[in-house]
1. What residue, among those in the range 524-546 that are in contact with a Cys (Cβ under 9 Å, 6 or more places away or on another chain) and of a type in the set (D, E, K, R), is nearest to PRO582 (Cα to Cα)?
2. Filter the range 293-312 down to residues that are more than 16 Å from THR369 (Cα to Cα) and either surrounded by 24 or more Cβ atoms within 10 Å (Cβ to Cβ) or in contact with a strand residue (DSSP E or B) (Cβ under 9 Å, 6 or more places away or on another chain) (or both), then give me how many there are.
3. Picking from VAL146, VAL105, which residue would you name as being β-branched (Val, Ile, Thr), in contact with a Leu (Cβ under 8 Å, 6 or more places away or on another chain) and under 20 Å from GLU210 (Cα atoms)?
4. Can you pull out every residue in the range 249-304 that is among the charged types (D, E, K, R) and more than 17 Å from ARG367 (Cβ to Cβ)?
5. Could you check, for the range 691-708, whether at least one of its residues is closer than 22 Å to VAL138 by Cα, out of contact with any Cys (no Cβ under 9 Å at 6 or more places or on another chain) and modelled with pLDDT of 90 or more?
6. For residues in the range 441-489 being small (Gly, Ala, Ser) and more than 22 Å from ASP403 (Cβ to Cβ), which is modelled with the lowest pLDDT?
7. How about the range 183-203: which of its residues are surrounded by fewer than 24 Cβ atoms within 10 Å (Cβ to Cβ) and of a type in the set (Ser, Thr, Tyr)?
8. Scan the range 461-481 residue by residue and report those that are within 14 Å of SER413 (Cβ to Cβ) and in a loop (DSSP other than H, G, I, E, B).
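The values are calculated or read from the model by the stated rules, or taken from the named source; none is laboratory data. All values reported here derive from a predicted model rather than from experimental measurement. Heads up, the Cβs are rebuilt from the backbone with ideal geometry, glycines too, and the neighbour counts pull from every protein chain shown.
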Amino acid sequence: MRYQSYLVSKNVSNHTIVVNMRLNILLLLAGSFVLTLGACRSSSPSKTLSDGADWTMHGRTYDEQRFSPLNQISAQNIGQLGLVWSRELGTTRGLEATPLVSNGVIYTTGEWSMAYALDAKTGEILWTFDPKVPRARVRTICCDVVNRGVALYHSKVYFGTLDGRLIALDAKSGNPVWDVITVDQSKPYAITGAPRIAKGMVLIGNAGSEFGVRGYISAYDAESGKLVWRTFSVPGDPAKGFESKALESAAKTWHGQWWIAGGGGTPWDTIAYDPNLDLVYTGTGNGVAWYRDLRSPGGGDNLYLASILALRASDGELVWHFQPTPGDNWDYDATQPLILADLPINGSTRKVVMQASKNGFFYVLDRQTGQFISAKAFVNTITWATGIDPKTGHPLESPTAYDGLRPVLVSPSPAGAHNWYPMAFHPATGLVYVPAREGDTALHAPEKGWKSNPTLVNIGNDPGYEGPVLAKLLSSPLPTGHLIAWNPVEQREVWRVSFPVVESGGVLATAGNLVFQGRADGMLCAYRATDGKKLWEFDAGTGIMAPPVTYLVGGVQHLTLMVGWGGATGLVNAPGTGPFKPGFGRILTFAIGGHAKLDVPPFKHNGPPSAAIHMSATPATVHEGQILYGKYCWYCHGVIAVAGASVPDLRYASAETHRQFESIVLQGAREQQGMPSFKDALNRDQVRAIQSYVLSRAAASVKPSDTPAAGRAPLSR
């Protein structure tokens, strides 16, 4: 369906102006540019967004630009920025939320979908709400027990939970107003993304493609919690009919019985909204399994996997789609953040949507029609495609990137050149600031005879593959991490900052000519937006994934962020991607003149490796345990049993833990601590084999085989 707009495009600042000219006038224009028509009525409790006093939406405004017009904290006085307060949350799990701030109150989420309200001036916790997610669900959650935040609207706080609920709380008291189940809880769905508000509705997606579900996005009435519309991202069983003409058309791009495994395509993160066009934009995830020949024998584009969708906000009807990675074979979700902007392109102002894709290319699309405008690689190491067709936007797939069910090496890895970490757009500089990974290569070894199993990480990757392709991977260069300032009009890099670590967190840009970003080693840094010069840094005490926000309290500009290492990267802990800084998570708030001291609670493993504990096990048993560990355990306890500290490192397990090993794994003795039972998947002999492998890894933990080069993971997520 074609969508026609008769609205007049807004003017934006002239992107041909060189970036070292005075920014003052440009920033005044930028402050008005970033507002959308619906922002002033967007979310209550809040002021209007025109002065940037509050941060009441995920990306501050509907367009998800993550730009603040505040400039009290600037490139000139950043050296005086100091800690005002810190609040320990006592968790070692990942903290990924964007805090929202309204009328002096911070609303955010933490582990296990916990919701918090804090006094923005003092850090005092005003209320907490525990949705009591069953801990056994951790077994079918892809990437840690994380949550990326809340939505605010009409004195209510909305958030999703890991067991698939959408909850509305009273903003003042934290008491529940309504609680609805958005998924079939008998299936391995989860919600980790933040809701968004559009036209009095709460929009929410879901996750679970790694385990085998069918993705969709839903809209609920913000006052009553009643379902208004639901749009599926992939077709279901044709024998049951199709929910729309769009899905009927999409089914022609699939083969085999894809619906048995669910199809995938979960829209687990990004949602943006243009109230002028009445369009909601979301990205969809990978398929089940990752590999085309497993999920869709005979190929096909497999719409609408790995796609950007534009839906009519009023009824959820698909208006247009664009698929960056047709027939995705490498876990290249299109769920990375989407940014809306008006850009000068070829002599006219275009309403665009932008994405720095997991697949390594930066896309600019017309957000009214979905027309492809341009795409260019923003990282240097891309082997899955040689380029993008400049007319159609279709990738020119490399002949070495796919070989049916035979193993291949591909860059980027499933971790992506850019993943969920929010990027930011600065209207005055005209630059997008992208957290990027460079040179990351992965082994794709499809599992022969794969069948869908929703109790496993259901990707179809062969965990036990050994051979020359794996050997080549282990000898390849290690990945690197960067912050890249990208000109989306000219499709070129303007500057980059290289990191001592691979992983970095979300980004904030401000009118003070600053860009803020944290890293996996715990360093929060401020860079000059125009040239990338580092002007300030602060050691947050643990790794950072979440993006900062900025707002006014008592007329003074503050900056707040969640810090806490974890997520998929923290759990998998692929050697060579560190160093990470594990520890206890917290909330930090800064202002000019702040002088509070950060006291970091000590964090360490419980004791020495359990090498002194012996089991009588043959090499064959240990090898069997290695295979089973790679099938059931590595997604939480780390590649080659080296945990990232979000959960216990099994090499350091005590003698008592080993005595309880069977009851823990089979009877769920520690389910309330997040360790579910596997009695439906494993027997006693298999558990013994896994235990033997864990002990062998403990004994080898001080040997050279644990160095990054030798221990590098064949899979990085």
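1. GLU537
2. 9
3. Answer to the check: VAL146.
4. Hits for the range 249-304 are LYS252, ASP269, ARG292, ASP293, ARG295, ASP301.
5. Within the range 691-708 (the criterion being closer than 22 Å to VAL138 by Cα, out of contact with any Cys (no Cβ under 9 Å at 6 or more places or on another chain) and modelled with pLDDT of 90 or more), the answer is yes, since at least one residue qualifies.
6. So, considering only residues that are small (Gly, Ala, Ser) and more than 22 Å from ASP403 (Cβ to Cβ), the one modelled with the lowest pLDDT is SER452.
7. SER186 - this is the single residue of the range 183-203 that is surrounded by fewer than 24 Cβ atoms within 10 Å (Cβ to Cβ) and of a type in the set (Ser, Thr, Tyr).
8. Selection gives SER476, PRO477, LEU478, PRO479.
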